[in-house]
Amino acid sequence: MQPGDVLSREITRRTLLGQSARGLGALALASLLNEGLHAATPGADLSTHGALPQLHFAPQAKRVIYLFMSGAPSHIDLFDAKPKLKELTGEELPDSVRMGQRITGMTSGQKQLLLVGPAYPFKKYGQCGTEITEAMPHIGSIAYDICLVRSLHTDPINHDPAVTYLLTGNQQPGRPTIGSWAAYGLGSANKNLPEYVVLLSGGGGQPLLARYWGNGFLPSKYQGVQFRSTGDPVLYVSNPEGIDPATRRQLLDGVQQLNRIHLEAVGDPEIATRIDAYEMAYRMQTSVPELMDISQEPQEVLDMYGATPGQASFANNCLLARRLAERDVRFVQLYHRDWDHHGNLPNELKRQCQNCDQASAALVKDLKQRGMLDDTLVVWGGEFGRTAYSQGEITETSFGRDHHPRCFSMWMAGGGIKPGITYGKTDDFGYNVVENGVHAHDFQATLLHLLGVDHKKLTYRYQGRDFRLTDIAGNVVHDILA
């Protein structure tokens, strides 16, 4: 090779990037394997284990347990009492209420949009007098501990884009979910468990897609990890038959050596993520089986939740969520299906209340008696509401409700939330927000705020643009903060 050729090779863009990648790869690996490098100024109590050098302000919540009710529970039948609506059952929805707003294809062809009142009576609970359906007496018993928001609203009118929008800030798939943003920004305080854990229950209704807890364009380290209630708690974590822990450790060490060589050569952060994932999986072989064994809990605790060891249920998952919170898992999300009641709503709603009411309330009570509710934010709600009019025929024992993004209800407890209040108001039909509306982006901004994060400053550069959970909108709802 001539001297001129050597010089040309030394100054090519490809060579520069190739040589620089080794340093970038080493930094990426070090950042994943040495969490201490992320700490803020020594002595500061706003330090994180994640991408943020430090929190933007003092957090009121250290962790989140998000009880996501997939399929959209009917706010009119559960949390937003409308006595006038009951009186008007069978009458046409007034044009002055609908105001030309779009409805789905499932009811747009109906000759009439006939109003129908709530399936069950409402009752005032606690000294605060919060009105909640009689079908949820356990949640009623914690009325003084929760903030019931009745004025949420969103943009999409169908399930998948609505779930995607509420959890990622955008209707189109491909962006990180709210749990992934929290994991990315704050990291985990427990080296033996993932930052973001997902638990599933329910067997019907809308499908649950893995991208609902996906990392989007964030490194895959921050995707939600699904734990299962039966069988192996986490797929592919257990050793195959004939492989003992010593052999597994030797195998991992060899794979890690190869991965580190490749990381230094190309500098791809996903290789560093893979190295970290192998190590996390090895540690989880010890930590997860003990965590998932709820038979260790006293019988009175199992009874309080309605949990049964060895079975898959929402109650078991609520108890597991408390056990995960005790171990400082940053974001725990429970998905429970079967809330999509286009028909036979009275019977299906009652069944779902029986499945979820006791355990949801028990989680709040359990956290409170353990002194954990003050720094654990609990969220309960679905992707949108249901219509004031019936989908299909109204009979004495049956009717249905269609999708309704214009308003819906959600409750929150602990973690800096003002307890014993209701916030926001809808009209007499439960159709439009008339006071203190809370958009999906406002909810997202408020959740991050409670974790000590300014939603405008937690960003990630992707394809030349800085993205954030709330896109270009969102305001913190300070009125509901303690």
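The values are calculated or read from the model by the stated rules, or taken from the named source; none is laboratory data. Here the structure is a predicted model, which means the values were calculated and not measured. In this analysis, Cβ positions are derived from the backbone assuming ideal geometry, glycine residues included, and neighbour counts consider all displayed protein chains.
Looking only at region 109-155, count how many residues are among the hydroxyl-bearing types (Ser, Thr, Tyr) and within 26 Å of Pro405 (Cα to Cα).
Taking region 109-155 and keeping what is among the hydroxyl-bearing types (Ser, Thr, Tyr), we get 120, 125, 130, 133, 141, 144, 151, 154.
Within this subset, residues satisfying the condition of being within 26 Å of Pro405 (Cα to Cα) are 120, 130, 133, 151, 154.
Looking only at that region, the number is 5.
For Asp328, state whether it is acidic (Asp, Glu), closer than 20 Å to His49 by Cα and within 20 Å of the chain's Cα centre (by Cα).
yes
Does region 143-152 include one or more residues that are farther than 18 Å from Met412 by Cα and among the aromatic types (Phe, Trp, Tyr)?
Going residue by residue through region 143-152, those that are farther than 18 Å from Met412 by Cα are none.
There is no residue in region 143-152 that is farther than 18 Å from Met412 by Cα and among the aromatic types (Phe, Trp, Tyr).
At pLDDT 95 or above, touching a Cys at 6+ places or on another chain (Cβ under 8 Å) and closer than 21 Å to Arg150 by Cβ: which single residue out of Asn432, Asn475 fits that description?
On the way: Asn475 fails: touching a Cys at 6+ places or on another chain (Cβ under 8 Å).
So the residue among Asn432, Asn475 that is at pLDDT 95 or above, touching a Cys at 6+ places or on another chain (Cβ under 8 Å) and closer than 21 Å to Arg150 by Cβ is Asn432.
If I go through region 183-220 residue by residue, how many of them are closer than 20 Å to Tyr462 by Cα and under 13 Å from the mean Cα position of the chain (by Cα)?
Total satisfying the criteria: 6.
Taking the stated definitions as given, is Tyr196 over 21 Å from Leu349 (Cβ atoms) and among the hydroxyl-bearing types (Ser, Thr, Tyr)? Steps first, please.
Working: over 21 Å from Leu349 (Cβ atoms): yes; among the hydroxyl-bearing types (Ser, Thr, Tyr): yes.
Considered against the rule, which asks whether it is over 21 Å from Leu349 (Cβ atoms) and among the hydroxyl-bearing types (Ser, Thr, Tyr), Tyr196 comes out as yes.
Scan Gly174, Gly231, Gly254 and give me the residue that is in a helix (DSSP H, G or I), surrounded by fewer than 23 Cβ atoms within 10 Å (Cβ to Cβ) and of a type outside the set (A, V, I, L, M). First the steps, then the outcome.
Details: Gly174 fails: in a helix (DSSP H, G or I); Gly231 fails: in a helix (DSSP H, G or I).
Sole residue among the options that is in a helix (DSSP H, G or I), surrounded by fewer than 23 Cβ atoms within 10 Å (Cβ to Cβ) and of a type outside the set (A, V, I, L, M): Gly254.
What single numbered condition from (1) touching a strand residue (DSSP E or B) at 6+ places or on another chain (Cβ under 7 Å); (2) buried (at least 23 other Cβ atoms within 10 Å of the Cβ); (3) of a type outside the set (Ser, Thr, Tyr) fails to hold for Asn158?
(2)
Take region 310-333 and flag every residue that is under 19 Å from Asp357 (Cβ atoms), in contact with an Asp or Glu (Cβ under 9 Å, 6 or more places away or on another chain) and not in a helix (DSSP H, G or I). Walk me through how you get there before you give the answer.
Narrowing region 310-333 to residues under 19 Å from Asp357 (Cβ atoms): 311-322.
Within this subset, residues satisfying the condition of being in contact with an Asp or Glu (Cβ under 9 Å, 6 or more places away or on another chain) are 318-319, 322.
Correct list: empty.
Answer with yes or no whether Asp276 is outside any helix (DSSP H, G or I) and among the charged types (D, E, K, R). Let's see the steps before the verdict.
Working: outside any helix (DSSP H, G or I): no; among the charged types (D, E, K, R): yes.
No, not satisfied.
Out of all the residues in region 202-228, which are in a loop (DSSP other than H, G, I, E, B) and of a type in the set (A, V, I, L, M, F, W, C)?
Here is the first cut: in region 202-228, the ones in a loop (DSSP other than H, G, I, E, B) are 202-209, 214-219, 223-224, 228.
If the condition is that a residue be in a loop (DSSP other than H, G, I, E, B) and of a type in the set (A, V, I, L, M, F, W, C), then Leu208, Leu209, Phe217, Leu218 are the ones that fit.
What strands (runs of 3 or more DSSP E) completely inside region 370-482 contain at least 2 residues that are surrounded by fewer than 22 Cβ atoms within 10 Å (Cβ to Cβ) and of a type in the set (A, V, I, L, M)? So that I can check it myself, show each step before the final result.
Values: elements: 376-381, 385-390, 401-404, 408-413, 421-423, 433-435, 460-462, 465-467.
Counting at least 2 such residues, we get 433-435.
What helices (runs of 4 or more DSSP H), lying completely within region 42-146, carry at least 1 residues that are under 28 Å from the mean Cα position of the chain (by Cα) and surrounded by fewer than 14 Cβ atoms within 10 Å (Cβ to Cβ)? It would help to see each step written out before you state the result.
Numbers: elements: 75-78, 83-87, 95-98, 137-141.
Result: empty, no element qualifies.
Can you run down the residue pairs with Cβ atoms below 9 Å, 6 or more apart or on separate chains, where the first is in region 385-400 and within 11 Å of Thr89 (Cα to Cα) and the partner is among the aromatic types (Phe, Trp, Tyr) and at pLDDT 95 or above?
Going by the 9 Å Cβ cut-off, the qualifying pairs are Ala388/Phe429; Ala388/Tyr431; Tyr389/Phe429; Tyr389/Tyr431; Ser390/Phe399.
Identify, by number, the condition in (1) out of contact with any helix residue (DSSP H, G or I) (no Cβ under 8 Å at 6 or more places or on another chain); (2) at positive phi that Val329 doesn't meet.
Of the numbered conditions (1) out of contact with any helix residue (DSSP H, G or I) (no Cβ under 8 Å at 6 or more places or on another chain); (2) at positive phi, the odd one out for Val329 is (2).
Keeping to region 303-322, report how many residues are free of Cβ contacts under 8 Å to residues at least 40 places away in the same chain and either surrounded by 19 or more Cβ atoms within 10 Å (Cβ to Cβ) or in contact with a Ser or Thr (Cβ under 6 Å, 6 or more places away or on another chain) (or both). Give the derivation first.
Narrowing region 303-322 to residues free of Cβ contacts under 8 Å to residues at least 40 places away in the same chain: 303, 308-309.
Keeping just the survivors that are either surrounded by 19 or more Cβ atoms within 10 Å (Cβ to Cβ) or in contact with a Ser or Thr (Cβ under 6 Å, 6 or more places away or on another chain) (or both) gives 309.
Residues that pass the stated criteria total 1.
For the subset of region 231-284 comprising residues that are of a type in the set (S, T, N, Q) and over 20 Å from Ser220 (Cβ atoms), which member is modelled with the highest pLDDT? Show your work before the answer.
Residues of region 231-284 of a type in the set (S, T, N, Q): 238-239, 247, 250, 256-257, 259, 273.
Next cut, over 20 Å from Ser220 (Cβ atoms) only: 238-239, 247, 250, 257.
Numbers: Ser238: 72, Asn239: 70, Thr247: 74, Gln250: 74, Gln257: 80.
Applying the filter and picking the extreme gives Gln257.
Please state which one of Phe79, Phe57 is within 23 Å of Pro405 (Cα to Cα) and among the aromatic types (Phe, Trp, Tyr).
Phe79
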